[in-house]
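Asks: Please see the structure below; I have some questions.
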Amino acid sequence: MAARPVNIAGASLALQSDDAASSLRPVRELRYACESPMSPIALNDWRRRAEHIDFRGARIACWTAGAGKPLLLIHGFPTAAWDWSWMWEHLAAQRRLIACDMLGFGFSDKPKANYSLLHQADLQCALLDHFAVQRCDALVHDYGVSVGQELLARQNQAALPFTIDRMLFLNGGMFPGQHRPRLIQKLGASPLGPLLSALLSERRFSRSLAAVFGASTQPSSDELAAFWQLMAFNNGHRLAHKLLAYMGERVIHQQRWVGALQAASIPLKHINGGADPVSGEHVFRYWRQLLPASEAVLLPSIGHYPQCEAPTRVADEVLAFLAGT
């Protein structure tokens, strides 16, 4: 599923005017050809590695590995922390990794309740408190970008119980006006949501998920089956409409969460799979406009899941950024 870089070219994007573009930090486009991927950890093995913590009466599956400075990894919707398994061993060679399946996702509990990104941010705080982490870096994706933005907003207000030193964003809806949800997401977040969840099948789920991957980096049938297993665990697919409430929360908290990026005093970086129809190159360009002093890397042929589609390149980019190089 992954890819390798065959050419790296420096470029400046004319986002406003030639003069404005020349003041932006140089941006890199990484073009890819197919290669043998890093393999994900087998899902059954991944589940056996899980630890569990209690969060407000719910059982949360979590994973740790490696040594060194902690790196908090926050997954997206509709998948789970297994998304990180393509890069897990590579990152763990240099960092202490901490990740969980958020409430309602993967192998964690899935109560029939309303879900909130704010509560998921509280969960990350509880997770790091459990592991006695006081300082960390963070890598966030999709649904997790909003959780990361809330953590960053709390840090900006001196209201976070730990310190984040650096944060990386993969594809996600950091900017609600730039988010282009798929039809299934729009319907799921509408009054038809409960019906959609009741009718959701593995075939429909797999077709919808594969549509946001790059054309040359499609998930295998086994990988799609594993993604579905995580979604359907404890009938989680019947709660999809409840989790999709996050799209409305992004609009409600837009000023706070976009403002958190603009007000951040820590280094930020965006790694974007440009072929993603939901949050691809258009989000990358908007990031460059709004945050010209931050780093950004565009992977033009990669889709919504860079950590699965181009794990070697993404892991190398992450580690270089965290090392300050």
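Asks: Check every one of the strands (runs of 3 or more DSSP E) wholly within segment 34-96 and list those with 3 or more residues that are closer than 26 Å to Thr217 by Cβ and aliphatic (A, V, I, L, M). Full working, then the answer.
Replies: Details: elements: 51-55, 58-65, 70-74.
In segment 34-96, 70-74 are the strands (runs of 3 or more DSSP E) which contain 3 or more residues that are closer than 26 Å to Thr217 by Cβ and aliphatic (A, V, I, L, M).
Asks: Ala158: surrounded by fewer than 24 Cβ atoms within 10 Å (Cβ to Cβ), on the phi > 0 side of the Ramachandran plot and of a type in the set (A, V, I, L, M), yes or no?
Replies: On the way: surrounded by fewer than 24 Cβ atoms within 10 Å (Cβ to Cβ): yes; on the phi > 0 side of the Ramachandran plot: yes; of a type in the set (A, V, I, L, M): yes.
The answer is yes for Ala158.
Asks: Checking the condition surrounded by 24 or more Cβ atoms within 10 Å (Cβ to Cβ) and closer than 22 Å to Thr79 by Cβ, which residue from Pro277, Pro306 passes?
Replies: The match here is Pro306.
Asks: Can you pull out the residues in segment 248-280 that are under 15 Å from Glu295 (Cβ atoms) and part of a helix (DSSP H, G or I)?
Replies: Within segment 248-280, Leu261 is the sole residue that qualifies.
Asks: Filter segment 111-155 down to the residues that are crowded, with 24+ Cβ neighbours inside 10 Å and either in a loop (DSSP other than H, G, I, E, B) or of a type in the set (Val, Ile, Thr) (or both) and list them by number.
Replies: Val140, His141, Asp142, Val145, Val147, listed by residue number.
Asks: Where residues in segment 227-252 are under 19 Å from Ser85 (Cβ atoms) and over 18 Å from the mean Cα position of the chain (by Cα), which of them is surrounded by the most Cβ atoms within 10 Å (Cβ to Cβ)? Please lay out each step first, then the result.
Replies: Filtering segment 227-252 down to residues under 19 Å from Ser85 (Cβ atoms) leaves 227-233, 236.
Then keep just the ones that are over 18 Å from the mean Cα position of the chain (by Cα); that gives 229, 232-233, 236.
Working: Gln229: 17, Ala232: 15, Phe233: 18, Gly236: 23.
Top of the filtered list is Gly236.
Asks: Of these, Phe213, Phe227, Phe233, which one is in contact (Cβ under 8 Å) with a residue 40 or more places away in the chain, aromatic (Phe, Trp, Tyr) and farther than 25 Å from Leu118 by Cα?
Replies: Exactly one residue qualifies, and that residue is Phe213.
Asks: Would you check if His90 is surrounded by fewer than 23 Cβ atoms within 10 Å (Cβ to Cβ) and either more than 18 Å from Ala210 (Cα to Cα) or at pLDDT 95 or above (or both)?
Replies: Values: surrounded by fewer than 23 Cβ atoms within 10 Å (Cβ to Cβ): yes; either more than 18 Å from Ala210 (Cα to Cα) or at pLDDT 95 or above (or both): yes.
Criteria met by His90.
Asks: Further, regarding this structure: Is one or more of the residues making up segment 253-267 in contact with a strand residue (DSSP E or B) (Cβ under 6 Å, 6 or more places away or on another chain) and surrounded by 16 or more Cβ atoms within 10 Å (Cβ to Cβ)?
Replies: Scanning segment 253-267 turns up at least one residue that is in contact with a strand residue (DSSP E or B) (Cβ under 6 Å, 6 or more places away or on another chain) and surrounded by 16 or more Cβ atoms within 10 Å (Cβ to Cβ).
Asks: Restricting the search to segment 281-325, which residues are under 13 Å from the mean Cα position of the chain (by Cα) and small (Gly, Ala, Ser)?
Replies: Across segment 281-325, the qualifying residue is only Gly303.
Asks: Give segment 194-224 a look and list any residue that's under 20 Å from Ile41 (Cβ atoms) and buried (at least 19 other Cβ atoms within 10 Å of the Cβ), or say none.
Replies: Leu209, Phe213, Thr217, Pro219, Glu223, Leu224
The values are calculated or read from the model by the stated rules, or taken from the named source; none is laboratory data. All of these numbers come straight from a predicted model, not from anything done at the bench. Every residue, glycine as well, gets a Cβ built from its backbone with ideal geometry; the counts of neighbours run over all protein chains shown.
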